[in-house]
1. Determine whether Leu80 is touching a residue at least 40 places away in the same chain (Cβ under 8 Å) and surrounded by 11 or more Cβ atoms within 10 Å (Cβ to Cβ).
2. From Ala121, Ala141, Ala126, Ala99, grab the single residue that is under 13 Å from the mean Cα position of the chain (by Cα), among the aliphatic types (A, V, I, L, M) and more than 15 Å from Lys69 (Cα to Cα).
3. Report yes if Arg145 is buried (at least 17 other Cβ atoms within 10 Å of the Cβ), more than 18 Å from Ser81 (Cα to Cα) and not hydrophobic (A, V, I, L, M, F, W, C), otherwise no.
4. For region 158-172, give me each residue that is within 22 Å of Ala99 (Cβ to Cβ) and part of a loop (DSSP other than H, G, I, E, B).
5. Where in region 100-141 are there strands (runs of 3 or more DSSP E), lying wholly inside it, with at least 1 residues that are of a type in the set (Phe, Trp, Tyr) and not assigned by TED's automatic domain parsing to the domain that holds Thr153?
6. Would you confirm whether any residue within region 134-146 is at pLDDT below 95 and of a type in the set (Phe, Trp, Tyr)?
7. Mind listing whichever residues of region 142-157 are touching a strand residue (DSSP E or B) at 6+ places or on another chain (Cβ under 6 Å) and part of a loop (DSSP other than H, G, I, E, B)?
Amino acid sequence: MKRIHLILTSLIVISGAASFAANAPQGTIPNDNMHAVSVIYIQNEDGTYQAINENRILPVKETPKIIAKTASQGLSQGALSYTTDFNQTVQVIAITLRASSPISETLAIKLQNQAGEDYSAILTSANLKDNQNYFYQPDGALILRQGDEITVTCSNANLTGSVYLTVLGRIW
């Protein structure tokens, strides 16, 4: 039987860790906005704890780490074709493309599913017209399992400028 420990705390994250009540585990709860948080702990049969936050169960551990994968390509030398190499569970936060000068090219962002091409999907595509910046943020949680990756392509039909890609992820 699981025991529920109700601990209501107001956290101000200063050092990256918070200390809770004597019977609760040490750790931090992910909270991007750094606001006060209400936390309920469930003690598992093996003595470990799980935190329930925002109607979902989160494992109690350190604050998630942000990781950035970057690539660049001179479009006069060829098109951009980049696949991430996260190789772990990651939540995609945002994908940005910056060009050295306004470009008119085709951009595609695709989920490469570990189960194969039949399960992969284009997340978004755009025909850029004299653009220097492109920003993509998933509407909901986009979780990549180990083996799933993101592929970003940008054409080079006009052979002009360079592009700089950043894929931001949160490691869980």
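The values are calculated or read from the model by the stated rules, or taken from the named source; none is laboratory data. Values in this document were obtained by computation on a predicted structure and should not be read as measured data. No Cβ is skipped: glycine too gets one built from the backbone with ideal geometry, and neighbour counts run over all protein chains shown.
1. When the stated conditions are applied, Leu80 passes them.
2. Ala141
3. Details: buried (at least 17 other Cβ atoms within 10 Å of the Cβ): no; more than 18 Å from Ser81 (Cα to Cα): yes; not hydrophobic (A, V, I, L, M, F, W, C): yes.
For Arg145, the condition - buried (at least 17 other Cβ atoms within 10 Å of the Cβ), more than 18 Å from Ser81 (Cα to Cα) and not hydrophobic (A, V, I, L, M, F, W, C) - is not met.
4. Asn158, Leu159, Thr160, Gly161
5. Where strands (runs of 3 or more DSSP E) fall fully within region 100-141, none carries at least 1 residues being of a type in the set (Phe, Trp, Tyr) and not assigned by TED's automatic domain parsing to the domain that holds Thr153.
6. Within region 134-146, not a single residue is at pLDDT below 95 and of a type in the set (Phe, Trp, Tyr).
7. Ser155
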